[in-house]
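The following block contains the structure, expressed as structure tokens.
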Amino acid sequence: MILLMLSTAYADEGKFTLLGENEPAPFEGVLFDPTATSKILSEYSTVDMNCDIEVEYQLDIQGTEFKLQLDTAAIRYQSLAAEHKLMVEQKDLEIVKLQETIKKQSPLNKWWWYAGGIASGVVITYGAYRAFDGKR
Amino acid sequence: MNVVTILQFAKKNWKEILIVICLLLVIGKMRYDYSQLESAYVTTQESLQNQIAGLQEIHKEELEKREAALEEYEARLGEIEVRYEVSREELEVLKNNKEKEYIRQFTGNPELFIENIETVFGFKYVE
């Protein structure tokens, strides 16, 4: 406390002196002039307000930084959600188109393939019969 | 060349004709399969192109939003700095006023000055 008072008084051009024993004072000590004493008093009486201002400032800074982090995370989340939705939609479309392509060769056409196979078999068998029969 | 001639030709060369027909069938099937594969490839390509375009758009929007958030952050920081400086200046003015008030008390109202010292620091005044 004394150190604080001394440094403050020295920096702001207040004056003080030291009183020794048996000098015109009831006890030895430090004598501050009115300016130095007023500076010390005013400094001390406003220290709470100064602290409040500093705390509010630091809290505002921190709050703003956290808000930025939160906003950035929310933006990233929105982007990822949009990317996910886009990928799913495009994959669904791709699946539908590929399914349409596959359906052209799907079991739905199996009767055509079945009929074609029988016809081919008949033709080949007849051709073979004629070929071998012709060589006799 | 009439139909009879054609039939005679076909009867005479039916094996070669059959081979050619089979080859044509195989080629047709191959081309059909190829077109199916090409269709699948085009579908996948279109899907990927749409995905790329969509992702670029999303990325662009994200960058714009980030930029806006950063601007808002900087603006808010500026406001905080201004408010802080104003508060500091007001406190400095208050401190100076108090200082002047204490000096006035010292000369005009010493009892109050002593009382202030006792109140603020808790020191005991000795005559």
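Please treat every number below as a calculation from the coordinates, not as lab data. Values in this document were obtained by computation on a predicted structure and should not be read as measured data. In this analysis, Cβ positions are derived from the backbone assuming ideal geometry, glycine residues included, and neighbour counts consider all displayed protein chains.
Using only DSSP helix segments of four residues or longer, with each worth -39500 (n - 2.57), what per-residue ellipticity at 222 nm results for the protein assembly as shown after dividing by its residue count and rounding to 500? Numbers along the way, then the final one.
Numbers: 7 runs with 222 residues, N = 263.
Result for the protein assembly as shown: -30500 deg cm²/dmol, rounded to the nearest 500.
Hey, another quick one. Which chymotrypsin sites (Phe, Trp or Tyr not before Pro) in the stretch A:23-62 sit in a loop by DSSP (not H, G, I, E or B) and have at most 13 other Cβ atoms within 10 Å of their own Cβ?
Details: sites: A:PHE27, A:PHE32, A:TYR44, A:TYR57; in loops: A:PHE27.
Passing sites in the stretch A:23-62 are A:PHE27.
Considering amide H positions built from the backbone, and no H for Pro or chain starts, which residues 5 or more places from A:LEU31, or on another chain, come under 5 Å of its amide H?
Answer set, sorted by chain and number: A:THR17, A:LEU18, A:LEU19.
To continue, here is another question. How far is helix B:3-12 tilted, in degrees, relative to the longest principal axis of the Cα atoms in chain B, given as a value from 0 to 90 rounded to the nearest 10?
80
Moving on. Bin by bin, in steps of 10 Å, what percent of the Cα pairs in the stretch B:1-101 do you find, going until the bin that has the longest distance?
Result returned by the calculation: 12, 13, 11, 10, 10, 9, 8, 7, 6, 5, 4, 3, 2, 1.
Please tell me which of these pairs span more than 21 angstrom C-alpha to C-alpha: A:LYS104/B:LYS29; A:LYS85/B:LYS65; A:LYS97/B:LYS60; A:LYS103/B:LYS29? Kindly include the intermediate steps, with their values, before the conclusion.
Details: A:LYS104/B:LYS29 13 Å; A:LYS85/B:LYS65 19 Å; A:LYS97/B:LYS60 29 Å; A:LYS103/B:LYS29 16 Å.
A:LYS97/B:LYS60, as the Cα separations exceed 21 Å there.
Quick check: the angle from helix B:14-108's long axis to the longest principal axis of chain B, C-alpha only, nearest 10 degrees?
0
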